[in-house]
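A.B. asks: Here it is, the structure in full.
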Amino acid sequence: MENREFARLLAETADLMEIAGEDGFRIRSYRNAAAAIAGTPARVEEMLRNPERKVTEIPGVGKGIAAVLQEIAERGSFERRDELLKKYPPGALEMLKIQGLGPKSLAVLFSHFEPRTIDDLEKLCQEHKLQDLPRMGAKLEEKVLRSIAQYRKSAGRFLLSYGSRAAAELTAYLGEKAGARRVTAAGSYRRGRETIGDLDLLATGVGAREALDALAGHPSVTEVLGKGENKASVKYGGEGLQVDLRALPEESFGAALQYFTGSKEHNVALRGRAQRMGLTLNEYGLARVEDGARVAGATEEEIYAALGLAWIPPELRENQGEIEAAANGGLPRLIEVGDVRGDVHMHTRETDGRATLEEMAEAGRAMGYEYIAITDHSKALAMANGLDEKRVIEFAQRVRKIDQAKLGIRVFSGLECDIRKDGAMDIEEDALAQLDLVIASVHSHFSLEPAAMTDRILRAMESPSVRILGHPTGRVLLHRDAYAYEFEQVVKEAVRRGVFLEINASPERLDLHAPLIRAAKALGARFVISTDAHDPKHLANIRFGVQMARRGWLEAGDAINTRGVEDFAKAIEKS
Ligand code: DGT
Ligand code: CA
Ligand code: CA
Ligand code: ZN
């Protein structure tokens, strides 16, 4: 079992304890332990098995939690959790995922009504029952209804980053256990969609059949949904990601990869093209209709070529004009991870990050970057210990003094400055002017009327120091929708003022998303791709941001942080 799985069970139980109105100290100890376990590099499962190690070495894990972890490792749950799950309806954990309903509100709700499922909760809101309860009103009912709709849309989907960990783990495992030489991930995962419904794996060549059996034996596989000659389907991990593994002969690998990469819309359009050329395309290959003679199938390249097309990168396969572009030499030369020369949005211990400036610089250097920008939070984010004017100035001076040659990487002094409700910047202009790079971000009041939100962001960009609009739509995947505003108007203003739009590579955000990236590019926008790292290891998330940029048809030149350090410095000079 993975650390995050242990952490999830603890955090979930803490929520239930809070609904039950239990002692705050105990609840906190569960939450702290959950956070520590999620962030610890050592594997809890391993530590529990190894007599020379103790889980109590993890800060925040005492004897009590250690016993709980032991129980989880043995049977996947623990006594306290089971008791609480019995006390509350089965839908309670789901209801906790609904925005606007914290444990405290749920406690009140449960003491007056008996909703057992999300559907019951929805009905209570529609019948305006929440309004009768203390500190709840019509606004909350609306918010909960919106959030339920959002929850239903996202239920059963998984973050791309989760798919990525699962794919890496399973591919390595199948190689080791079954000697499978070639296991490749297809489906929405390969297309780099920000969330995936399930994970589609293909095995070809040596060990492919054996891989079907081996998959069922993986320690994180909780259920085998089906297993046949050529296919196995399983549930993986505590949240039940479905994994489909298909075994294929070598000669149809390209056709199968093409077929199972999708998207369905792309495939339908491609098959139409094949038909018009007297060909038929399926997961086994491309063949002539008249005599069934095989034309292509071993590689994707030969299939696309036989259809008169350049090979189309998976990220573009959404039937959004990529087939036409591939036919007439109009495909973009998509940006690649290696093009990125600096990461320009990250946090340190100064606010809510985990590492020091020097550690982040070292991590940036290890990524092969020429530069980074440290962009901690501003004071409006009091919970994150955001910087006030005085600390902003001190920080800028500190960066000026550090020995950049010794660090081996250029460090820009920056700030992720909150945009207040009225559009004012959270930090005085004089202090902002001392910094190399200011990102303006919305972190509060997400549900303003669209017109007010538009004005708010437009006003923020009036600050001459602002160079980047951070995570421009504010969405949090599977959790919170984008806030509404006049995107086009904001982009036009950003273009006019030389403000770059962020493609935030944090796996929970991936904001901007592809259609908006493409729309913004058409309006002349330029971008930065940055990770918003709160830990040195988050810098590796850049690849998800790059994948999003690729889905938005971006080339290297469209992102400012593909430039060398001097050019980048010039691009962020204040107007
Ligand atoms: P997901 O899993 O919801 O994130 O999205 P996909 O795109 O991975 O969809 P999935 O797993 O149902 O199928 C994987 C690919 O296989 C899909 O992108 C295209 C192909 N495929 C599956 N079923 C069909 C089908 O009935 N017709 C066509 N044309 N393609 C299909
Ligand atoms: Ca899939
Ligand atoms: Ca599938
Ligand atoms: Zn932010």
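A.B. asks: Which value, in debye to the nearest 20, describes the size of the charge dipole of the chain about its Cα centre when Lys and Arg Cβ atoms bear +1, Asp and Glu Cβ atoms bear -1, and nothing else is charged?
C.D. replies: It works out to roughly 120 debye.
A.B. asks: Additional query: Using a/c under 1.5 as the rounded threshold, could you call the stretch 325-451 rounded, prolate or oblate? The axes a ≥ b ≥ c are square roots of the C-alpha gyration tensor eigenvalues, and prolate needs a/b larger than b/c, oblate otherwise.
C.D. replies: Oblate.
A.B. asks: Moving on. Carbon and sulfur atoms: what percent of the 1.4 Å accessible area of the chain do they account for?
C.D. replies: 49
A.B. asks: According to the Kirkwood expression over distinct Cα-Cα pairs, how big is the hydrodynamic radius of the stretch 337-571, in Å?
C.D. replies: 17.3
A.B. asks: Students often get this wrong, so check it: of K379/K421; K63/K104; K492/K521; K97/K153; K143/K379, which have C-alpha atoms separated by over 19 Å?
C.D. replies: As for pairs spanning more than 19 Å Cα to Cα, those are K63/K104; K143/K379.
A.B. asks: Can you list the residues of the stretch 356-386 with backbone N under 20 Å from a point 7 Å past the Cα of K421, pointing along Cα to Cβ?
C.D. replies: 378-384, 386
A.B. asks: Report the Cα centroid-to-centroid distance between the stretch 473-503 and the stretch 15-60 in angstrom, as an integer.
C.D. replies: Between the Cα centres of the stretch 473-503 and the stretch 15-60 lies a distance of 38 Å.
A.B. asks: For the chain, build the charge dipole from Cβ charges (+1 Lys, Arg; -1 Asp, Glu) around the Cα centre, then report which of L69, S233, T171 sits farthest towards its positive end.
C.D. replies: S233
A.B. asks: Would you mind classifying the stretch 1-87 by shape? Square roots of the alpha carbon gyration tensor eigenvalues, ordered a ≥ b ≥ c; an a/c under 1.5 is rounded, otherwise it is prolate if a/b is larger than b/c and oblate if not.
C.D. replies: Taking the square roots of the gyration eigenvalues as a ≥ b ≥ c, the stretch 1-87 is prolate.
A.B. asks: Keeping every protein chain present and rolling a 1.4 Å probe, give me the accessible area per residue for the chain in Å².
C.D. replies: 45
A.B. asks: Still on this structure, I have one more. Quick one: order Y162, Y483 from most to least accessible surface, probe 1.4 Å.
C.D. replies: Of Y162, Y483, the descending order of accessible area is Y162, Y483.
A.B. asks: What nm distance separates the two modelled labels at F446 and D120, each placed 7 Å from Cα along Cα→Cβ?
C.D. replies: For the pair F446/D120, the computed spacing is 2.7 nm.
A.B. asks: Can you give the helix-only mean residue ellipticity at 222 nm for the chain, where every DSSP H stretch with n ≥ 4 adds -39500 (n - 2.57) and the sum goes over all residues, rounded to the nearest 500 deg cm²/dmol?
C.D. replies: -12500 deg cm²/dmol
A.B. asks: Follow-up. Rounded, prolate or oblate for the stretch 152-252? Axes are the square roots of the Cα gyration tensor eigenvalues, ordered a ≥ b ≥ c, and the cut-off for rounded is a/c under 1.5.
C.D. replies: Prolate is the answer for the stretch 152-252, as a/c is 1.5 or above and a/b outweighs b/c.
A.B. asks: May I ask you to list the lysines whose Cα is less than 20 Å away from that of K406, ignoring any residue fewer than eight positions away on the same chain?
C.D. replies: Partners found: none.
A.B. asks: Could you give the dipole magnitude of the stretch 221-330 about its Cα centre, charging the beta-carbon of Lys and Arg +1 and that of Asp and Glu -1, in debye to the nearest 20?
C.D. replies: 260
A.B. asks: State the percent of C-alpha pairs, over all pairs in the chain, separated by a distance greater than 47 angstrom.
C.D. replies: 18
A.B. asks: What does the accessible area of R146 come to, in Å² to the nearest 10, when a probe of 1.4 Å is used?
C.D. replies: Looks like 140 Å² after rounding.
The values are calculated or read from the model by the stated rules, or taken from the named source; none is laboratory data. From a predicted model like this one, the values you see are computed outputs, not experimental measurements. Using ideal geometry, Cβ is built from the backbone for each residue, glycine included, and neighbour counts are taken over all protein chains shown. Calculation scope for accessible area: heavy atoms of the full protein, side chains included, ligands and nucleic acids excluded. Shrake-Rupley method; radii C 1.70, N 1.55, O 1.52, S 1.80 Å.
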